[in-house]
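This report refers to the structure that appears directly beneath it.
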């Protein structure tokens with residue numbers, strides 16, 4: 001049985017991890033949410049039980065729904081509950097990006113147990129003949145890694161177009177402009193890993209290239 005203290009620690013950890021992924025300081029989050037710095041610090045340490053009003057203000061400030069802070073990771077012991085993600089309990093990353101499948105060209109789910117590490121891993125699913133509607137190249141700091149586990153994916157890295165099939169993988173410097181699409185009549189599934197863990201609330205653009213930081217080879 002999960003203790004009340006363990007629940008508070010888990011909730012606080014989720015708030016802290018997402019705040020850092022959003023590249024926000026405690027002061028930034030205080031300003032955005034209207035919650036005092038001391039209260040925020042106590043929540044992140046698992047030393048305070050936030051009210052529903054506080055959780056709602058945090059979710060608005062961090063651009064997620066309140067249930068993001070309650071990761072569904074049941075298990076027999078604390079290590080399983082902390083680190084294992086059962087397939088039925090994967091969290092939807094589209095809600096974190098603020099863009100749905102029609103806007104992105106794919107659905108994304110989080111395979112990692114959290115967004116608190118040096119990198120994070122997910123599963124992107126492309127419906128047949130799907131891609132980002134504006135077909136924009138992406139770039140960001142860090143690295144991109146991926147493995148096609150089903151179907152076929154066409155990726156563009158710089159000026160080169162490459163077709164990846166089941167079992168093919170890639171890794172490259174994500175500062176190189178890139179894009180991906182599924183041009184086939186079959187579904188495509190891609191396991192990806194990206195570093196660093198930076199998930200901004202808004203998509204910044206410059207020089208005609210999106211500067212999104214995240215699993216953007218799928219974008």
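The values are calculated or read from the model by the stated rules, or taken from the named source; none is laboratory data. Computed from a prediction, not measured in an experiment: that's the story for all the values here. Quick reminder, even Gly has a Cβ in these numbers, built from the backbone with ideal geometry, and neighbours come from all protein chains shown.
Could you check region 183-219 and list, in sequence order, the residues that are modelled with pLDDT of 70 or more and assigned to a strand (DSSP E or B)?
If we filter region 183-219 for residues that are modelled with pLDDT of 70 or more, which is where we start, we get 183-201.
Of everything in region 183-219, those that are modelled with pLDDT of 70 or more and assigned to a strand (DSSP E or B) turn out to be 188, 189, 190, 191, 192, 193, 194, 195.
Starting from region 14-28, keep only residues that are assigned to a helix (DSSP H, G or I), then list their pairs with residues that are at pLDDT below 95 and exposed (fewer than 15 other Cβ atoms within 10 Å of the Cβ) whose Cβ atoms are within a distance under 8 Å, requiring at least 6 positions of separation or different chains.
Here the result reads 14/70, each pair linking region 14-28 to a residue that is at pLDDT below 95 and exposed (fewer than 15 other Cβ atoms within 10 Å of the Cβ).
Being touching a helix residue (DSSP H, G or I) at 6+ places or on another chain (Cβ under 9 Å), surrounded by fewer than 15 Cβ atoms within 10 Å (Cβ to Cβ) and outside the structural domain of residue 200 (by TED's automatic domain parsing) is the requirement here; does residue 53 meet it? Write out each step before concluding.
Details: touching a helix residue (DSSP H, G or I) at 6+ places or on another chain (Cβ under 9 Å): no; surrounded by fewer than 15 Cβ atoms within 10 Å (Cβ to Cβ): yes; outside the structural domain of residue 200 (by TED's automatic domain parsing): yes.
For residue 53, the condition - touching a helix residue (DSSP H, G or I) at 6+ places or on another chain (Cβ under 9 Å), surrounded by fewer than 15 Cβ atoms within 10 Å (Cβ to Cβ) and outside the structural domain of residue 200 (by TED's automatic domain parsing) - is not met.
Quick check on my filter: what residues within region 84-98 are touching a residue at least 60 places away in the same chain (Cβ under 8 Å) and surrounded by 17 or more Cβ atoms within 10 Å (Cβ to Cβ)? Walk me through how you get there before you give the answer.
First, the residues of region 84-98 that are touching a residue at least 60 places away in the same chain (Cβ under 8 Å): 93, 96-98.
Result: 93, 96, 97.
Which numbered condition in (1) outside any helix (DSSP H, G or I); (2) under 17 Å from the mean Cα position of the chain (by Cα) is the only one that residue 47 fails?
All conditions pass for residue 47, except number (2).
Each row is one residue, and each column tells you yes or no for (1) part of a loop (DSSP other than H, G, I, E, B); (2) in contact (Cβ under 8 Å) with a residue 60 or more places away in the chain; (3) surrounded by fewer than 17 Cβ atoms within 10 Å (Cβ to Cβ).
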site: 145; (1), (2), (3): no, no, no
site: 149; (1), (2), (3): no, no, yes
site: 155; (1), (2), (3): no, yes, no
site: 162; (1), (2), (3): no, no, yes
site: 167; (1), (2), (3): yes, no, yes
site: 171; (1), (2), (3): no, no, yes
site: 175; (1), (2), (3): yes, no, yes
site: 181; (1), (2), (3): no, yes, no
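What are the pairs with Cβ atoms under 9 angstrom where one residue, in region 46-69, is without any contact (Cβ under 8 Å) to a residue 12 or more places away in the chain and the other, located anywhere, is surrounded by fewer than 18 Cβ atoms within 10 Å (Cβ to Cβ)? Sequence gap at least six, or different chains.
If the second residue must be surrounded by fewer than 18 Cβ atoms within 10 Å (Cβ to Cβ), the pairs left are 56/66; 59/65; 59/66; 59/67.
Could you tell me whether residue 117 is outside the structural domain of residue 14 (by TED's automatic domain parsing), free of Cβ contacts under 8 Å to residues at least 24 places away in the same chain, within 30 Å of residue 73 (Cβ to Cβ) and not in a strand (DSSP E or B)?
Details: outside the structural domain of residue 14 (by TED's automatic domain parsing): yes; free of Cβ contacts under 8 Å to residues at least 24 places away in the same chain: no; within 30 Å of residue 73 (Cβ to Cβ): yes; not in a strand (DSSP E or B): yes.
Judged against the criteria, residue 117 is not a match.
Let's see how each residue does on (1) in contact with a helix residue (DSSP H, G or I) (Cβ under 9 Å, 6 or more places away or on another chain); (2) assigned to a helix (DSSP H, G or I); (3) in the same structural domain as residue 194 (by TED's automatic domain parsing); (4) at pLDDT below 90:
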site	(1), (2), (3), (4)
68	yes, yes, no, no
73	yes, no, no, yes
76	no, no, no, yes
85	no, no, no, no
96	yes, yes, yes, yes
99	no, no, yes, yes
102	no, yes, yes, yes
108	yes, no, yes, no
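Tally up the residues in region 61-83 that are surrounded by fewer than 18 Cβ atoms within 10 Å (Cβ to Cβ) and under 17 Å from the mean Cα position of the chain (by Cα), please.
So the answer is 6.
Among the candidates 10, 33, which residue alone is farther than 16 Å from residue 116 by Cα and either modelled with pLDDT under 95 or in the same structural domain as residue 65 (by TED's automatic domain parsing) (or both)?
33
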